[in-house]
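The values are calculated or read from the model by the stated rules, or taken from the named source; none is laboratory data. Keep in mind that what you see is a predicted model, and the values were worked out from it rather than measured. Heads up, the Cβs are rebuilt from the backbone with ideal geometry, glycines too, and the neighbour counts pull from every protein chain shown. These area figures cover heavy atoms from the full protein model, side chains too; ligands, DNA and RNA do not enter into them. Shrake-Rupley method; radii C 1.70, N 1.55, O 1.52, S 1.80 Å.
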Amino acid sequence: MEHGDYMIKTSLATSIKYGNYKHLQNDAKHVFNWIRHYWNDFKEWFDFDDDVEFHVRPVRGGTHGWYRSKQKRIEIDPRYGPKKILDTIAHELVHAEQYKQGRLAWDSKKLVSLWNGKFHKRGTTHQQYLDLPWEVEARERSAEFVKAMRKKYNLS
């Protein structure tokens, strides 16, 4: 997808293109339009690699999106409203920034995350997940971003 002189890497799940989720094609187009619309704001607020890919697909497991650090890929579920999708993209861009800056890493041998050089187990409960320091930061910064965008663009 083009944005001025820049190409934003985007992709659409096969299940939305051809499969059981074809009814989400219009929602996916909206997600891509929002990415294009907020691109300069994303680049101003978050320090992420230019080759991060935005992949739209139904996401399982009660989450709205993921950041896959090895692929530098943000997966976004299009089944939510604009505010939640904007918050999700911002949240995942914080994770992209954390990995890029080396503050967050995954140790696949020990199956633990490293946050600022310290090992952290991911936890077994939802509350333990919410309390992880990189999740706290991502929630706080994405909420700030959404609030600022709502003010900047006069959104309700």
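Would you work out what percent of the accessible area of the chain, with all protein chains in place, is carbon or sulfur (probe 1.4 Å)? Don't jump to the answer; show the numbers that get you there.
Working: 4530 of 9240 Å².
Accessible surface attributable to carbon and sulfur in the chain totals 49 percent.
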(request) Starting from the Cα gyration tensor of region 35-131, take the square roots of the eigenvalues, sort them a ≥ b ≥ c, and report rounded, prolate or oblate (rounded when a/c is under 1.5, otherwise prolate if a/b is larger than b/c, else oblate). (result) oblate
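As a test of the formula, what do you get for the chain when each DSSP H run with n ≥ 4 contributes -39,500 (n - 2.57) and the sum is divided by the residue count, at 222 nm and rounded to the nearest 500 deg cm²/dmol? Mind dumping the intermediate values first?
On the way: 5 runs with 69 residues, N = 156.
Only helices count here, giving -14000 deg cm²/dmol.
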(message) Give me a comma-separated list of calculated 3J(HN,Hα) values for region 11-20, in order, Karplus coefficients 6.51, -1.76, 1.60 applied at θ = phi - 60°, integers in Hz, x for any Gly or Pro.
(response) 8, 10, 4, 4, 5, 7, 5, 10, x, 5
(request) Answer with one residue from Leu111, Ala96, Ile74: the one whose Cα lies farthest towards the positive end of the charge dipole of the chain, charges on Cβ with Lys, Arg +1 and Asp, Glu -1. (result) Leu111
(message) Angle check, please: helix 25-45 long axis (alpha carbons) against the longest principal axis of the chain (alpha carbons), in degrees 0 to 90, nearest 10.
(response) 60 degrees
(request) Could you provide, to the nearest whole Å², the per residue accessible area of region 55-130 with probe 1.4 Å? (result) 58 Å²
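With a cut-off of at most 11 other beta carbons within 10 Å, and DSSP calling the residue loop, which chymotrypsin sites (Phe, Trp or Tyr not before Pro) in region 118-156 qualify? Please list them.
Details: sites: Phe119, Tyr129, Trp134, Phe145, Tyr153; in loops: Tyr153.
Hits after loop and neighbour filter: Tyr153.
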(message) Heavy atoms of the protein only, probe of 1.4 Å, neighbouring chains included. What is the accessible area of Arg139 in Å², nearest 10?
(response) 90 Å²
(request) Sequence neighbours fewer than 8 away in the same chain don't count; with that in mind, list the aspartates and glutamates whose C-alpha is under 12 Å from Lys147. (result) Asp87
